[in-house]
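Worksheet for the structure shown next.
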Amino acid sequence: MRKEWILAGFCALIFSCGGGGGGGIGSSGGSSSSGSSSVSLYFTDDASMYPEILVKVYEVNLCSDNVCQQKVSLFTSQQGLQVDLAKLNGVYQYITTTNIPQGTYNRLEVVMDKNLTITDQSGQQHQAIFVPMQEKPNKPNTVQCHTNERCYIRFNGTVQPFAIGKLVVDFDLKEFEVNTSINPWQVTEVKMKPLTPQGVQDKDREVYIKVQSVGTNSFTGTWMGKTYMVYITQNTTCEMNGVKYYGSGCINQITQGMCLEVRVQEDPATSNVLNAVKIESEKKQAKCMM
């Protein structure tokens, strides 16, 4: 049986106030009078040997019991959020911000579609599935799939309070194995853990934006119900349908209704005015349908 490694890391970030990678997750920062905390959720990844890895994420939850019957939702989508793990190298993809109750949580749970799509180096797409996996020594994870074609991946570990209010979870796809000898391909040996925030704060942020209107050097658009003003500078690079444009040449390529992947230095969780570093058009409009 031939196996290949996915050389990537899919991370949904939980920025803890301290501790090492895998130390835990919890809540205390950004608290309100109601005893809740505002938490922003991001996805990130490392370089991949595959040019495209498409998965759908339905939920990200924190659990206060061992079997995740008592959950707090960080993100939920009935239709699923399509994420290309191979395009998240060096960036944090902003997902959403939500309020969660202060407390102690001892499980992180991510619910994904059982089916994913992997594109190989020749450009051919392959259907793949996540394979159920029990918790193993030194790999505190479980993967289980249901009849509704959804799977959950859980990290079972110590829970620590965090104060910054940004959640960091590493799906560590470089530890995943892909069995390419059968059809559909099988993704096994899942490893997931919280990340250490030190040394990872300098990455660019990224957000998908559905364009509403276009000006002379800026455009407005929305993501998860939030409206952004995005400015294009002479340092902005745009890639539209495989063609690159620079600076003012970018704005002429943007039209109302487009789905754009926008890389910025500001944090989309805290600012609605962004300066674009890089912009790419997305043919898959589903990435903006949230």
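The values are calculated or read from the model by the stated rules, or taken from the named source; none is laboratory data. These figures come from a predicted structure and were not determined experimentally. When we count neighbours, we look across all protein chains shown, and the Cβ atoms used for this are built from the backbone with ideal geometry, even at glycine. SASA here: full protein model, heavy atoms, side chains in, ligands and nucleic acids out. Shrake-Rupley method; radii C 1.70, N 1.55, O 1.52, S 1.80 Å.
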(request) Using a cut-off of under 16 Å, list every residue of region 264-282 whose amide N is near the label point 7 Å from the Cα of K244 along the Cα-to-beta-carbon line. (result) 277-281
(request) Kindly write out, for region 88-102 in residue order, the coupling ³J(HN,Hα) from the Karplus curve 6.51 cos²θ - 1.76 cosθ + 1.60 (θ = phi - 60°), rounded to whole Hz, with x marking Gly and Pro. (result) 10, 5, x, 9, 10, 7, 6, 9, 6, 10, 9, 9, 10, x, 5
(request) Show the residues, 5+ positions off or on another chain, whose built amide H is closer than 5 Å to the amide H of M258. (result) V211
(message) Can you give me the long-range amide H partners of N275? Hydrogens built in the peptide plane at 1.01 Å from N, cutoff under 5 Å, separation of 5 or more residues or another chain.
(response) Y231, Q265, E266
(request) Using a Förster distance of 22 angstrom, determine the FRET efficiency expected from the C-beta separation of N148 and H126, and round it to 0.05. (result) 0.45
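Rolling a 1.4 Å sphere over the protein heavy atoms, what is the accessible area per residue of region 37-189, to the nearest Å²? List each step's numbers first, then the result.
Details: 6040 Å² over 153 residues.
Here the residues of region 37-189 average 39 Å² of exposed surface.
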(request) Would you work out the charge dipole size for region 43-86 about its Cα centre, treating the Cβ of every Lys and Arg as +1 and the Cβ of every Asp and Glu as -1, and quote it to the nearest 20 debye? (result) 200
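Suppose accessible area is computed on protein heavy atoms with a 1.4 Å probe; arrange H146, H126 from highest to lowest. Walk me through the intermediate numbers first.
On the way: H146 95, H126 35 Å².
Output order, biggest surface exposure first: H146, H126.
What is the calculated FRET efficiency for Q253 to T233, with r their C-beta to C-beta distance and R₀ = 22 Å, to the nearest 0.05? All intermediate terms of the calculation are to be shown ahead of the outcome.
Details: r = 15 Å, r/R0 = 0.70.
With a Förster radius of 22 Å, E is 0.90.
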(request) Using R₀ = 35 Å, calculate the FRET efficiency as 1/(1 + (r/R₀)^6) where r is the Cβ-Cβ separation of Q212 and T119; round to 0.05. (result) 0.70
(message) With θ taken as phi - 60° and the coefficients 6.51, -1.76 and 1.60, list the Karplus ³J(HN,Hα) couplings across region 51-63 in order, rounded to whole Hz; mark glycine and proline as x.
(response) x, 8, 9, 9, 10, 10, 10, 9, 8, 10, 10, 10, 10
(request) Collect residues whose amide H, placed 1.01 Å from N in the peptide plane, falls under 5 Å from the amide H of K114; neighbours closer than 5 in sequence don't count. (result) R150, C151
(message) Probe of 1.4 angstrom, ligands and nucleic acids ignored: what's the accessible area per residue over region 214-276, in square angstrom?
(response) 49
